[in-house]
1. Taking residue 390, is it in contact (Cβ under 8 Å) with a residue 40 or more places away in the chain, within 25 Å of residue 86 (Cβ to Cβ) and not in a helix (DSSP H, G or I)?
2. Go through region 741-756 and give me each residue that's part of a helix (DSSP H, G or I) and surrounded by 19 or more Cβ atoms within 10 Å (Cβ to Cβ).
3. For region 759-774, which positions are in a helix (DSSP H, G or I) and either crowded, with 18+ Cβ neighbours inside 10 Å or on the phi > 0 side of the Ramachandran plot (or both)?
4. State whether the residues of region 158-176 include one that is under 30 Å from residue 106 (Cα atoms) and either without any contact (Cβ under 8 Å) to a residue 60 or more places away in the chain or not in a loop (DSSP other than H, G, I, E, B) (or both).
5. Got a sec? Which of 146, 166, 108 is over 25 Å from residue 419 (Cα atoms) and surrounded by 23 or more Cβ atoms within 10 Å (Cβ to Cβ)?
6. Are there helices (runs of 4 or more DSSP H) fully within region 785-883 with at least 2 residues that are touching a helix residue (DSSP H, G or I) at 6+ places or on another chain (Cβ under 8 Å) and more than 24 Å from residue 893 (Cα to Cα)? List them.
7. Scan region 77-88 residue by residue and report those that are at pLDDT 80 or above and either touching a strand residue (DSSP E or B) at 6+ places or on another chain (Cβ under 9 Å) or surrounded by 14 or more Cβ atoms within 10 Å (Cβ to Cβ) (or both).
8. How about region 467-479: which of its residues are surrounded by fewer than 24 Cβ atoms within 10 Å (Cβ to Cβ) and closer than 22 Å to residue 89 by Cα?
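The values are calculated or read from the model by the stated rules, or taken from the named source; none is laboratory data. Remember, predicted model here, so these are calculated numbers, not experimental data. All Cβ positions, glycine included, derive from the backbone under ideal geometry; neighbour counts span all protein chains shown.
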């Protein structure tokens, strides 16, 4: 008996100990989940918003770790609540749509699912042709690696959404989430202000990000002020709800009402200190001022939408009183005062005037959205059924551009168009269902919770944030910024839980619906495996992201050196050549490293191929046996080698070990196209190196034409094709290609100017190419070398008319630069009498521009207007007091003024 009792006691003790250990583990996992959610809210905005591959990797890892911790807790709990199917529906369907884009499609299905493929990729479709055949394209996605990355990110989003929809229980949890998002926006706004006013041009004062800096606008840890402003708008809506909660709790009537409803699980307890509400209002004011100071028109539009929706909901619920109206008016006055003190008031009013008065295609400062929107619309018409593949926008839109673009559009500047472009009809349907469902949850919650002010306030705040997201996505791609997307998903999950609470759905932890242990294990295992796959997929891009940035910086520096070489002196050209060689060496080193660590990167493979070919060209032209690649190709094709070994032996004998660069370039170009067949530069590389395949000269045209199909506005490709046509004697075709090529930015413009100017009168050149001010200086300098003043007179007349037309729509600083350039031409050809008028125009537009005032001072001095010249030169001397040249000019002007005064005095005495 005693032995049996002792045994049962030991068993109970062991069971209790195991239960206690599971309880401790469950508590630790729950703490991990809460820490993960907090990290996503507070850390994600400081990782370039997740737009940077390394930041995206960290955010995805946080989402996955949070989800794994939650489902591990569900597994160790003795009785875990059942997972809700509704939270999985859209994420699972969206994932299936993307997976379908990655699976190989039978050849007979491809014309039905993606009929444009045969027209877009003829080299991948017709294997029976005698033309070069690269392969057969088998997936709906035209950049499978980018689609895999998109799928990994989507899985992380889905796991985060499901986790939070399960984690939130009461309005206390929802209010806590709302406060965290609001405080994160305050931190981001504060950091943005500090970084802007103490900026050294680098993010976080130490990281030099390619293509953008922190000097010009507020952006905190985001690469774009629009995304920065959008995140703040989401936080602003949460702060607005927080203020309303505090003010409502401070109202005696609301406290009595709350006490009467205390038995309901969805009532919330809040502090009633009025100091809190004013403190939060001050934080709200800070965030609102920062949004305005960011000068993001889309952000301001989103903020207006959020405030409007919140006002309508709170007014309908009779929560918005005259006191709130007065407080809002006071905040507007304080905001304007703060902007005036910071010096941003004038900039903000200018942006607001533009937002009200301009058309939709002019909402951004460079008015280029219409270009990319038209390209997206054409892409949607061609591939509306299945799209081009998630994440493929940067590759697909060039096929539908009508004119060369001076920038790469990584996204569509419109969330709706991008989803339709990449995911076709299924993506549009899922997006519409998601928006409709969120609207239904908002309306149903407000209707069901008619007598619960706290729930109405929370719903109004979240509805305002989601409205801002829907509105801002019309003019930007905020849905593709992980920090903004994660925050939005957290709010949608909170909205789902509030909808349940408003319907008085019992808490899921107390329901009798429990999952069997094996089911919980399978769910946890599935979540873990999918999450680990997502993190592993994004690891390589994250690892190579910093090296890619280093490559981009070297590439920008190389382009700058190349642009400066055209009209530099001999000494300057020597320095620039050394700089360009160093940059090229750096680019080659970093691209080689990236391709080694991340061989699936189509862009890195394409860039490396082009760089290897360019490196060979430079080395070859500097060698004793100087021959460009085009001549090597012609010589190899004329020799008609019997085997690849014979060709390789000839190349090694004629050009040494450098010939290995040709084979490497050819390999990486083909690899780039196998990863994404929409890269025009890789087709150009294969065209140049087609002789390595034993192909005839006709293969050049085949590859080039395929490149022009996928990138009809690729300026470098158009220039190369035009140059080949010119060599072949087809001047009309060459001119047709070059005319289009000239409209795109790049070093090819200077080549076109030099090649055309040698045999084309200036009047004809201006008629054909219609150069703008970004190339007119080069045109002037090139024709000046001909030594024909008549040609320069034609260009000067054209420039004078163009200046009047162009400056009418330009910002003052840019317009003043035009007048300065025109003045230099006039000064060289006609003297200071005409040039001074252009300089005065520039001075009126930009009175603090040193170059204009210095040139104006010298022109006035040449016209013996010494008094006027002295004032400008005096100002220039104050800017650079240690410059001896300015000091000498000022002394001459002062002497001239004194001499004129002396002569005037002497005349009066006589």
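1. Values: in contact (Cβ under 8 Å) with a residue 40 or more places away in the chain: yes; within 25 Å of residue 86 (Cβ to Cβ): yes; not in a helix (DSSP H, G or I): yes.
Answer is yes for this residue.
2. Taking region 741-756 as the starting set, the residues that turn out to be part of a helix (DSSP H, G or I) are 741, 748-756.
Correct list: 741, 748, 749, 750, 752, 753, 756.
3. Restricting attention to region 759-774, the residues satisfying the condition of being in a helix (DSSP H, G or I) are 762-769, 773-774.
Passing the criteria: 762, 765, 766, 769, 773.
4. Kept after step one, since they are under 30 Å from residue 106 (Cα atoms), are these residues of region 158-176: 158.
Right, trim to either without any contact (Cβ under 8 Å) to a residue 60 or more places away in the chain or not in a loop (DSSP other than H, G, I, E, B) (or both) and you get 158.
Within region 158-176 (the criterion being under 30 Å from residue 106 (Cα atoms) and either without any contact (Cβ under 8 Å) to a residue 60 or more places away in the chain or not in a loop (DSSP other than H, G, I, E, B) (or both)), the answer is yes, since at least one residue qualifies.
5. Working: 146 fails: over 25 Å from residue 419 (Cα atoms); 108 fails: surrounded by 23 or more Cβ atoms within 10 Å (Cβ to Cβ).
Just a single option satisfies the conditions, and that option is 166.
6. Numbers: elements: 789-807, 812-829, 832-845, 850-862, 866-879.
Passing ranges, in order: 789-807, 812-829.
7. Residues satisfying the conditions are 77, 87, 88.
8. 470, 479
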